[in-house]
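Written out below as structure tokens is the structure these notes cover.
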Amino acid sequence: MNLTKEQFISDFKRTLMRKFPTEVESASDYELFNALGSLVKEYQGENWAKTRKKYREYKEKQVYYFSIEFLLGRLLGSNLLNLGIRDTVKEGLKEMGYDLDRIESFEVDPGLGNGGLGRLAACFMDSMASSGIPGNGMGIRYKYGLFRQKFVDGYQVELPENWLRDGNVWEYRRADEPVTVKFYGDAWMEPQADGSLLCHHTDYEEVLAVPYDTGVTGYENKTTNTLRLWSAEEPYSSTGLFPGTTDFNKSLEKKRRIEAISEALYPDDSNFEGRLLRLRQEYFFVSAGIQDIVRNYRALNLPIEDIHEYVAVHINDTHPALCIPEFMRILMDEEKLDWEKALEITEKTMSYTNHTILSEALEKWPVDMVKNTIPRIYLIIEALDKWKRKELAKTVDDENLIEAVSIISGGQIRMAHMCILASHSINGVAALHTDILMKQELKDFYQIYPYKFNNKTNGIAHRRWLMYANPELSGLLDETIGTSWRRNPGDLKLFKEYKRDRDIQEKVERIKHHNKEKLAEYIYSANGMTVDPHSIFDVQVKRLHAYKRQLLNALHILHLYHEIHENGGADILPRTFIFGAKAAPAYYYAKEIIKFINALALKINNDPRVNDKLKVVFLENYGVTLAEKIIPSAEVSEQISTTTKEASGTSNMKFMMNGAVTLATLDGANVEILREVGDPNIVIFGMNEKEVLDYYRNGGYYSKDVIRTNPRVKRVLDSLAEGFIPGIESEASDIIKSLSDLNDEYFVLKDFDSYCEAQGKINTLYKDRFIWNKIAIENISSSGAFSSDNTVKNYASGIWGIRTMER
């Protein structure tokens, strides 16, 4: 948008005075942020209204992206960037005596996501708007999100993340557009004279779903799309009590039970109550979203039979799988379509992304729980299972194969199976992941429906992770290759011409060092710990899970500790290992690994014999804003998951875009990063796909043999067992048991020597500054291939059938 500094100052003073009766000179940080956010939302509003009107008038086909998470990060900075007014606002605030960076720091991260799934959804929303793709997000407006992580004596403690305590300046409550979601009761089908079936659903409990909209502004274009998040509230009542109740306490109890639906992300599913709440969450936002879509489509006065020509519904992992039966419910019960027509339209409308090959992440729900909680939906799922079995029997002779791919089996409803059977597209998120799905995990489905499967490698929004997070590097890119890369990230490849230019190399190194200094300042303020910006910053930040192998990293650090103690470590360059990760509250083993890393850090950081060579930092409450500090400063990017376990990864892309060297297994998108940057510019270790799958299929790996024959492994595990790291007796015992008695499920010990050698290669490469900086530039210039702009355009053309609107 066109905005002068003078106009901004005038607008800002007006907004501040309107919201708070105060002068600029006496405004508090809260007032300054709130006024600035309100003004930016106002600037955003004109394009938002025009975008919505344009979609309606031209009857544009729109995609609705259903995701249980949207890990947005702070929005002020990204909105200023995408509106093209960041510099103007910064200068205007400076003239008034204020610093934009300080005001931005007052914003809290929205508690709407946890890991890669949610961040991918956020990047996709940004890229859809920036690419002119008519797209909408559908999710839950969590009151508390996941949790705020604190370390107490090295243990993870979960605290409420009350991010909405002071309100959310970016959202609009749409109180005039609620829908009602029905739970419980009795549902049955009554045959009619014409042969059709009439559904009855009685004695149900109503939950009011109220939408809150956030605008998602495209980069310097006129598109602003909508992220719609649903909040669970009690139905309206003239008495003030919960409908159907006359007792205050019972009314309050029901109110609290309803509000719990949109309180927390991923309630503890280790018990029945937690699993029930999670099921209610999933149906709640799916039902609200699908009802809303159909309501908006009806307003276009088009035949319901054509809805798939104007609407695409995308299921991001299995959490929104109930989109399928809910859509069919509306088409049959409300729009009066017959079963076959409803199913045909549903399959043409729905598409599904699989994000994992881990069996625990492929959701299954007990039949009785679904039948009791959402009885009408259960009837549809049951009928869908029977229909698909009969349909498959026409072309598939193998009854075992039909049973293997069925929706209902063994008293469980298999959500991924429903997504595959009733969608027109199933995609993986990296070439290797998709290949494993087709040949291994979902091979039965691929055998039947090969035409449904496709790959769409994940991507990242370069506006957030390079332009916003690393403005100095972005400025250098502008100076050397021009600004076209800001709109067309593939043009980053032009920077490759400078990989041997020593002057540019020095500038890249200087920018990295400055970012390291800023992170070191943060570490000191957050942890009270001094780290050396001249040391190698070796970073592993991601969700804590055994397959991601933070344990492998920690065991290697312990190995280095022993090496320095015993041999002086003369050849070992100073290294600062930085971790950031949350473990799911019920994931006890992951929380033990956190305790181990923190205990290891305590011992190393307080040992004067090694702490000029070695430091270990575990930063609390890892999230988007912290990632924006860490990623530009990282020099080594740890992507060390067990091969075949990581679907894609996106942190690997963010790190390479900022010039880090990837230390990786051939897992997920690491394979494609290797292809883009070339073998000399990435450090690969560990078993390959074939070796890992052979071990899983045929056995033959005995971790105790490694422990017995490998001196390095034996020394590390013996020191754990002997209490070398104090305060973790129980944790050390469980870790050793996992690696020995339980046969090291994720091959930590099998890959240990290879990992140590790879770390040694990092050490050697870092000594040659010309080579290291050349590798950094190779990574930056190759990263444009992993822009989420490319990814969503491939989704739009290859899955959703949606055209890109003009900028």
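The values are calculated or read from the model by the stated rules, or taken from the named source; none is laboratory data. Computed from a prediction, not measured in an experiment: that's the story for all the values here. For neighbour counting, all protein chains shown are included, and Cβ atoms are generated from backbone atoms with ideal geometry for every residue, glycine included. The accessibility values were calculated without ligands, DNA or RNA, using every heavy atom of the protein model including side chains. Shrake-Rupley method; radii C 1.70, N 1.55, O 1.52, S 1.80 Å.
In the set Ile771, Ile780, Ile775, Ile725, only one residue is under 26 Å from the mean Cα position of the chain (by Cα), hydrophobic (A, V, I, L, M, F, W, C), over 30 Å from Ser351 (Cβ atoms) and at pLDDT 95 or above; that residue is Ile780. Put simply, of Arg280, Arg275 the only residue that is touching a residue at least 40 places away in the same chain (Cβ under 8 Å), open to solvent by less than 10 Å² (accessible area, probe 1.4 Å) and among the basic types (Lys, Arg) is Arg280. Which of the following residues is in contact (Cβ under 8 Å) with a residue 60 or more places away in the chain, touching a Gly at 6+ places or on another chain (Cβ under 6 Å), of a type outside the set (Lys, Arg) and within 28 Å of Glu326 (Cβ to Cβ): Gly185, Gly145? Matching residue, one of Gly185, Gly145: Gly145. Those helices (runs of 4 or more DSSP H) of the range 1-116 in which 2 or more residues are surrounded by 21 or more Cβ atoms within 10 Å (Cβ to Cβ) occupy 5-19, 29-57, 76-83, 86-95.
Within the range 235-255, the residues that satisfy the criterion of being in contact (Cβ under 8 Å) with a residue 12 or more places away in the chain and open to solvent by less than 70 Å² (accessible area, probe 1.4 Å) are Pro235, Phe242, Pro243, Lys255.
Can you confirm whether the range 397-415 contains a residue that is free of Cβ contacts under 8 Å to residues at least 12 places away in the same chain, more than 26 Å from Leu277 (Cα to Cα), out of contact with any strand residue (DSSP E or B) (no Cβ under 9 Å at 6 or more places or on another chain) and not charged (D, E, K, R)? Yes, that holds for at least one residue.
Every condition in (1) in contact with a Leu (Cβ under 6 Å, 6 or more places away or on another chain); (2) under 30 Å from Asp153 (Cα atoms) holds for Ser703 except the one numbered (2). Selection within the range 154-165: residues that are touching a residue at least 24 places away in the same chain (Cβ under 8 Å) and among the charged types (D, E, K, R). The member of this set that is nearest to Leu117 (Cα to Cα) is Glu161. Scanning the range 656-675 for residues that are assigned to a helix (DSSP H, G or I), touching a residue at least 40 places away in the same chain (Cβ under 8 Å) and buried (at least 21 other Cβ atoms within 10 Å of the Cβ) returns Met656, Met657, Val671, Ile673.
Of the residues Lys499, Lys493, Lys516, which is under 29 Å from Gly113 (Cβ atoms) and touching a residue at least 40 places away in the same chain (Cβ under 8 Å)?
Every option except Lys516 fails the conditions.
Of the strands (runs of 3 or more DSSP E) lying entirely inside the range 129-197, those carrying at least 3 residues that are surrounded by fewer than 13 Cβ atoms within 10 Å (Cβ to Cβ) and out of contact with any Lys or Arg (no Cβ under 7 Å at 6 or more places or on another chain) are 186-191. If we scan the range 799-807, do we find a residue that is in contact with a Gly (Cβ under 8 Å, 6 or more places away or on another chain), loosely packed, with under 14 Cβ neighbours inside 10 Å and within 30 Å of Asn427 (Cβ to Cβ)? For the range 799-807, residues in contact with a Gly (Cβ under 8 Å, 6 or more places away or on another chain), loosely packed, with under 14 Cβ neighbours inside 10 Å and within 30 Å of Asn427 (Cβ to Cβ): present.
Residue-wise test of (1) among the polar types (S, T, N, Q); (2) in contact with an Asp or Glu (Cβ under 6 Å, 6 or more places away or on another chain); (3) under 30 Å from Pro134 (Cα atoms); (4) modelled with pLDDT of 95 or more.
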{"site": "Ser10", "(1), (2), (3), (4)": "yes, no, no, yes"}
{"site": "Thr15", "(1), (2), (3), (4)": "yes, no, no, yes"}
{"site": "Glu23", "(1), (2), (3), (4)": "no, no, no, no"}
{"site": "Tyr30", "(1), (2), (3), (4)": "no, no, no, no"}
{"site": "Glu42", "(1), (2), (3), (4)": "no, no, yes, yes"}
{"site": "Glu46", "(1), (2), (3), (4)": "no, no, yes, no"}
{"site": "Gly84", "(1), (2), (3), (4)": "no, yes, yes, yes"}
{"site": "Glu91", "(1), (2), (3), (4)": "no, no, no, yes"}
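Checked against (1) touching a Lys or Arg at 6+ places or on another chain (Cβ under 9 Å); (2) within 30 Å of Lys499 (Cα to Cα), Ile725 passes all but a single condition, namely (2).
For Arg295, the test of being among the basic types (Lys, Arg), surrounded by 21 or more Cβ atoms within 10 Å (Cβ to Cβ) and farther than 30 Å from Tyr547 by Cα is failed. Criterion applied to Ala520, Ala469 was being open to solvent by 10 Å² or more (accessible area, probe 1.4 Å), farther than 30 Å from Asp317 by Cβ, within 28 Å of the chain's Cα centre (by Cα) and of a type in the set (A, V, I, L, M), and the one residue passing it is Ala520.
I'd like the full set of residues that are touching a Lys or Arg at 6+ places or on another chain (Cβ under 7 Å), within 24 Å of Leu146 (Cα to Cα) and not hydroxyl-bearing (Ser, Thr, Tyr), limited to the range 240-265. I'd like the intermediate steps shown before the answer.
First, pick out the residues of the range 240-265 that are touching a Lys or Arg at 6+ places or on another chain (Cβ under 7 Å): 242, 245, 261-263.
Next cut, within 24 Å of Leu146 (Cα to Cα) only: 261-263.
Matches in the range 240-265: Ile261, Glu263.
In the range 348-398, of all residues being aromatic (Phe, Trp, Tyr) and in a helix (DSSP H, G or I), the one that is farthest from the chain's Cα centre (by Cα) corresponds to Trp387.
Taking the range 545-655 as the region of interest, the helices (runs of 4 or more DSSP H) fully inside it that hold 3 or more residues being open to solvent by 10 Å² or more (accessible area, probe 1.4 Å), without any contact (Cβ under 8 Å) to a residue 24 or more places away in the chain and not aliphatic (A, V, I, L, M) are 550-567. Number of residues in the range 289-344 that are among the charged types (D, E, K, R), without any contact (Cβ under 8 Å) to a residue 24 or more places away in the chain and part of a helix (DSSP H, G or I) equals 4. Tell me, please, whether a residue that is touching a residue at least 12 places away in the same chain (Cβ under 8 Å), in contact with a Phe, Trp or Tyr (Cβ under 9 Å, 6 or more places away or on another chain) and not hydrophobic (A, V, I, L, M, F, W, C) can be found in the range 438-452. Yes, because at least one residue in the range 438-452 is touching a residue at least 12 places away in the same chain (Cβ under 8 Å), in contact with a Phe, Trp or Tyr (Cβ under 9 Å, 6 or more places away or on another chain) and not hydrophobic (A, V, I, L, M, F, W, C). Only residues that are small (Gly, Ala, Ser) and in contact with a Pro (Cβ under 8 Å, 6 or more places away or on another chain) were counted in the range 755-787, giving 3. Cβ separations smaller than 6 Å between residues 6+ apart or across chains give the following pairs from the range 48-64 residues that are under 24 Å from Gly798 (Cβ atoms) to residues that are open to solvent by 20 Å² or more (accessible area, probe 1.4 Å) and not polar (S, T, N, Q): Lys59/Leu300; Lys61/Tyr310.
Of all the residues in the range 298-314, those that are open to solvent by less than 40 Å² (accessible area, probe 1.4 Å) and of a type outside the set (A, V, I, L, M, F, W, C) number 2. Residues that are closer than 30 Å to Tyr622 by Cα and of a type in the set (D, E, K, R) were ranked within the range 156-200; the one that is nearest to the chain's Cα centre (by Cα) is Glu161. Inspect the range 492-505 for any residue being assigned to a helix (DSSP H, G or I) and either farther than 20 Å from Ile775 by Cβ or among the acidic types (Asp, Glu) (or both) and give the result as yes or no. Yes, some residue in the range 492-505 is assigned to a helix (DSSP H, G or I) and either farther than 20 Å from Ile775 by Cβ or among the acidic types (Asp, Glu) (or both).
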